[in-house]
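To start, the structure under review is shown below, and the notes come after it.
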Amino acid sequence: MGDTLTKRKRGRKPKIPTTETANDVVISVPTTEPTADPNSPSPSSRARGRGRPRKIKKHDHPRPNIAASPERRGSRHAEPNGDFIHATMTTTAATIATTTTSDAVVSEPVKWETVVKVVPSMDAVVKVFCVHTEPNFSLMWQRKRQYSSSSSGFIIGGRRVLTNAHSVEHHTQVKLKKRGSDTKYLATVLAIGTECDIAMLTVSDDEFWEGVSPVEFGDLPALQDAVTVVGYPIGGDTISVTSGVVSRIEILSYVHGSTELLGLQIDAAINSGNSGGPAFNDKGNCVGIAFQSLKHEDVENIGYVIPTPVIEHFIKDYEKNGAYTGFPILGVEWQKMENPDLRIATGMGPDQKGVRIRRIEPTAPESQVLKPSDVILSFDGINIANDGTVPFRQGERIGFSYLVSQKYTGDYALVKVLRDSNILEFNIGLATHKRLIPAHIRGKPPSYYIIAGFVFTTVSVPYLRSELFSKSFILMWMCNSIPRCGILSKFYACACKRDFYVYFLTPGFFTYLQYGKDYEFDAPVKLLDKHLHAMAESVDEQLVVVSQVLVADINIGYEDLVNTQVLAFNGKPVKNLKSLASMVESCEDEYLKFELEYQQIVVLQSKTAKAATLDILATHCIPSAMSDDLKT
């Protein structure tokens, strides 16, 4: 045939141009919409069935403006000279069109300038590799075996990287890897905010910062706003993207920090390894950091994000003070005033609202001016409702602790109270919380003191977890192998790719896991009660306990003492562990007498006890009878 008209085979449809995606780039293949030909038959007059195609006369024109589709790799094409070649489709999806007449339209190749990234900020998301070496709270003079974890982080301005605090807790080495890179860079931890579960890192290698734009922060999102969580969760090694909407904005329990701050609840999946990854809005701005999720049989897709007000507070705190100083508190426990009789009894007028002070932290600055039964009417000029909430945004209310958390350590706030039907105003300085049982030991090794095989230490939340948690029981509970306990309502899991990392919020369940059905009789219930309700009377007060007894001849009969509080030594109250060690070391009395809770006492002969201590230390390979912090 003289013409070079290309015919398609029977029963084979021409390939439709498609859009190809590779590594977050979108390649659009140009297409040309066909136009009607006046000489072509109408659809109703076209041949039906599988008959032979209608022959085209020599002088007839083919249908114009039909762009040839991209051919398959390795397909054969007819050249005008009749020879055959094998054509390979390139990444630009160049289209080969027939050149029969001048009416044929040839598609132009796609240019790389038209390629658009899906999420530009994803290049700033990094993978965090951390080696942890946790303290051993049972054997305080040594550490546990090291283990590794991986999580997520993202680059911000000032050559800094943000991630979660629990992602680098008890770190010995931290490395970062950028997206698309095969190099891990050593990182330095600049600050760790335990309360807000945020950590700040940096990298000294200039190569790490090349070609990366820092993430920009956006405003606090509204309900139903779209969010996209980016990170490196379990299930693969490459970056992962999940999307959802903002479901709730309120004061949340920050599990790692054992505190309550503003948080976002989203329905995007937050899995192990997502910790520290950013949550973007539809404009590509970061609106939060993924940090924990709610795991329970009755809930699905509940994840939590640290919002930008908390993130900015952490960053400004570090920039202002050169270190993380924490979030201040008001230092009071309060009661709702929703009952009308209660309001009348306290002298409140019909137009007055507020909350009643139950207790005041003795170590807080507020204890100098506020009193129990005072009614807090407003904080910094913002009125407080009877349920303890304040206006937040249009149509929303939030707990008034949010106002306190916006302050910095050392700031002052104007507090208006009602006392004996009189309105008083106080300019109160704000400080961080001094807990009798601290939530964290902030990277320091636990303190200890040993005499005659009695191991004395201080109580902290990590110590309680170490003593009362049993991993085997936790896994059994997860597998429904033990009955549910009525006191358990929910638990949160921090989203870090590591060993089973779960914090239960109900202390009673601690005891159930460790001691089984008889926990009411065997567990140290008093320690848990002090953790929830006790207040420190002074800034240096500590809760000192006999952690365990290293069995020896001198301590026969005392072997069963464990996790028992020490109240006094030789008639003197024990204020902290350092004072106890000092009193024992300097004691010249014939006997050492320790007064414990539940009216128990331990009596040892002074000279014999001190002499036996050296043998006990050698037997258990303990380098020193006391930790380094007690020697100064």
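Any residue at all in segment 194-202 that is exposed (fewer than 14 other Cβ atoms within 10 Å of the Cβ) and outside any strand (DSSP E or B)? There is no residue in segment 194-202 that is exposed (fewer than 14 other Cβ atoms within 10 Å of the Cβ) and outside any strand (DSSP E or B). Applying the criterion of being at pLDDT 95 or above and assigned to a loop (DSSP other than H, G, I, E, B) to the residues of segment 328-347, the residue that is farthest from I270 (Cα to Cα) is N339. The set of residues from segment 255-288 being among the aliphatic types (A, V, I, L, M), touching a helix residue (DSSP H, G or I) at 6+ places or on another chain (Cβ under 9 Å) and not in a strand (DSSP E or B) comprises just one member, V255.
Based on what the data block shows, is E250 within 30 Å of P445 (Cα to Cα), in the same structural domain as N281 (by TED's automatic domain parsing) and of a type in the set (D, E)? So E250 fails the test.
Can you find even one residue in segment 572-586 that is closer than 28 Å to R358 by Cβ, of a type in the set (K, R) and not in a helix (DSSP H, G or I)? Yes: segment 572-586 contains one or more residues that are closer than 28 Å to R358 by Cβ, of a type in the set (K, R) and not in a helix (DSSP H, G or I). Going through segment 382-414 one residue at a time, which ones are modelled with pLDDT of 95 or more and on the phi > 0 side of the Ramachandran plot? Matches in segment 382-414: G388 only. Could you tell me whether P233 is over 27 Å from L403 (Cβ atoms) and part of a loop (DSSP other than H, G, I, E, B)? Answer is yes for this residue.
The requirement of being of a type in the set (S, T, N, Q), over 17 Å from E195 (Cα atoms), in contact with a Ser or Thr (Cβ under 8 Å, 6 or more places away or on another chain) and surrounded by 16 or more Cβ atoms within 10 Å (Cβ to Cβ) is satisfied by T228. Annotation note: Cβ proximity below 6 Å between a residue of segment 378-399 that is touching a residue at least 60 places away in the same chain (Cβ under 8 Å) and a residue that is assigned to a loop (DSSP other than H, G, I, E, B) and not basic (K, R) (sequence gap 6+ or interchain) occurs for I398/F392; G399/G388. Which one is surrounded by the fewest Cβ atoms within 10 Å (Cβ to Cβ), of the residues in segment 360-419 that are among the basic types (K, R) and either touching a Ser or Thr at 6+ places or on another chain (Cβ under 9 Å) or under 13 Å from G331 (Cα atoms) (or both)? The extreme case among them is K371.
No other residue among A612, A568 is in contact with a helix residue (DSSP H, G or I) (Cβ under 9 Å, 6 or more places away or on another chain) and in contact (Cβ under 8 Å) with a residue 24 or more places away in the chain apart from A612. For segment 170-186, the criterion of being closer than 30 Å to V461 by Cβ, of a type in the set (K, R) and assigned by TED's automatic domain parsing to the domain that holds S148 is met by at least one residue.
The lone criterion from (1) of a type in the set (S, T, Y); (2) outside the structural domain of D540 (by TED's automatic domain parsing); (3) in contact with a helix residue (DSSP H, G or I) (Cβ under 7 Å, 6 or more places away or on another chain) left unmet by T458 is number (2). When A568, A625 are checked against the criterion of being touching a Ser or Thr at 6+ places or on another chain (Cβ under 8 Å) and surrounded by 15 or more Cβ atoms within 10 Å (Cβ to Cβ), A625 stands alone in meeting it.
Checking T188, T172 one by one, the residue that is polar (S, T, N, Q) and either touching a residue at least 40 places away in the same chain (Cβ under 8 Å) or part of a helix (DSSP H, G or I) (or both) is T172 and no other.
Here is a yes/no grid of residues against (1) surrounded by 14 or more Cβ atoms within 10 Å (Cβ to Cβ); (2) modelled with pLDDT under 95:
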site: L294; (1), (2): yes, yes
site: E300; (1), (2): no, yes
site: V305; (1), (2): yes, no
site: K316; (1), (2): no, no
site: K320; (1), (2): no, yes
site: K353; (1), (2): yes, no
site: I357; (1), (2): yes, no
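For segment 322-351, a residue qualifies if it is among the hydrophobic types (A, V, I, L, M, F, W, C), without any contact (Cβ under 8 Å) to a residue 24 or more places away in the chain and surrounded by 14 or more Cβ atoms within 10 Å (Cβ to Cβ), and exactly one does: L342.
Once segment 587-611 is narrowed to residues that are under 22 Å from Q542 (Cβ atoms) and assigned to a helix (DSSP H, G or I), the residue that is modelled with the lowest pLDDT is Y598. Restricting attention to segment 130-149, the residues that are among the aromatic types (F, W, Y) and surrounded by fewer than 17 Cβ atoms within 10 Å (Cβ to Cβ) total 1. Given the conditions (1) surrounded by fewer than 23 Cβ atoms within 10 Å (Cβ to Cβ); (2) not in a strand (DSSP E or B), report the number of the one that H166 does not fulfil. Every listed condition holds for H166 apart from (1).
The values are calculated or read from the model by the stated rules, or taken from the named source; none is laboratory data. Keep in mind that this is a model prediction, so the values were computed, not measured. For neighbour counting, all protein chains shown are included, and Cβ atoms are generated from backbone atoms with ideal geometry for every residue, glycine included.
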